[in-house]
Amino acid sequence: MKKGGRTLAITATPARHGPAGIEPLSGDVIGFVVEPAKPGRPVYVSGDTTWFDGVAEVARRFDCGVVLPFAGAAQTRGPFHLTMDTNDAIETARAFADAVIVPVHTDGWAHFRQNAGDLRASFDTLGFGRRLRILEPGVATIIEASSET
């Protein structure tokens with residue numbers, strides 16, 4: 001390790017494309033929790049998943065300050081989503097009660113059924129808008145996680 005480097009602990013977390021039982025068609029997926037050397041709170045990267053008990057378990061186990069849900073309601077086969085839709089992202093925001101929510105994987109491909117604008121409208125309507133950070137492609141964004149524990 002280089003002098004002055006930072007150590008990260010990375011834990012694979014459960015994820016699931018769409019409803020239970022779809023894995024034989026879509027393949028297994030995982031997410032990640034990235035924990036920085038102290039001080040600092042972990043970051044949760046959902047991976048391609050929808051809301052299910054596995055995401056809730058991650059919220060119970062880790063006090064994440066930033067959550068990157070793969071949203072956009074990706075739909076490639078059948079009527080189900082492979083990534084979070086706005087409802088799933090809202091459930092995720094509720095589970096990670098004080099985390100900053102930074103949706104990724106929301107725009108740019110034809111198989112997305114929702115976009116960052118849909119998330120903004122939903123989060124604002126339900127009072128979560130202050131916690132939502134929408135990224136602009138190609139623009140570095142500084143995200144400050146809540147320091148609450």
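The values are calculated or read from the model by the stated rules, or taken from the named source; none is laboratory data. Because the structure is predicted, anything quoted here is derived from the model rather than measured. A quick note on method: Cβ atoms are made from the backbone with ideal geometry, for glycine too, and the neighbour counts reach across all protein chains shown.
Is it the case, given these coordinates, that ASP124 is among the acidic types (Asp, Glu), free of Cβ contacts under 8 Å to residues at least 12 places away in the same chain and farther than 19 Å from GLY31 by Cβ?
yes
Taking the listed residues ALA93, ALA73, ALA37, the one that is of a type in the set (A, V, I, L, M, F, W, C) and out of contact with any strand residue (DSSP E or B) (no Cβ under 7 Å at 6 or more places or on another chain) is ALA37, with no other qualifying.
Here is a yes/no grid of residues against (1) more than 17 Å from THR13 (Cα to Cα); (2) aliphatic (A, V, I, L, M):
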{"site": "GLY47", "(1), (2)": "no, no"}
{"site": "HIS81", "(1), (2)": "yes, no"}
{"site": "THR86", "(1), (2)": "yes, no"}
{"site": "ASP107", "(1), (2)": "yes, no"}
{"site": "LEU119", "(1), (2)": "yes, yes"}
{"site": "LEU132", "(1), (2)": "yes, yes"}
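Exactly one residue out of GLY72, GLY65, GLY47, GLY54 is touching a residue at least 60 places away in the same chain (Cβ under 8 Å) and out of contact with any Asp or Glu (no Cβ under 6 Å at 6 or more places or on another chain): that is GLY65.
Pick out, from segment 1-103, the helices (runs of 4 or more DSSP H) lying fully within it that include 3 or more residues that are at pLDDT below 80.
Working: elements: 23-26, 53-61, 86-95.
The qualifying helices (runs of 4 or more DSSP H) are 23-26.
Among the residues of segment 63-89, those identified as farther than 15 Å from ASP107 by Cα and surrounded by fewer than 20 Cβ atoms within 10 Å (Cβ to Cβ) are ASP63, ARG77, GLY78, PRO79, PHE80, ASN87.
Just name the residue that is nearest to ALA97 (Cα to Cα) out of those in segment 110-132 that are modelled with pLDDT of 90 or more and touching a strand residue (DSSP E or B) at 6+ places or on another chain (Cβ under 6 Å). Here the residue is ARG131.
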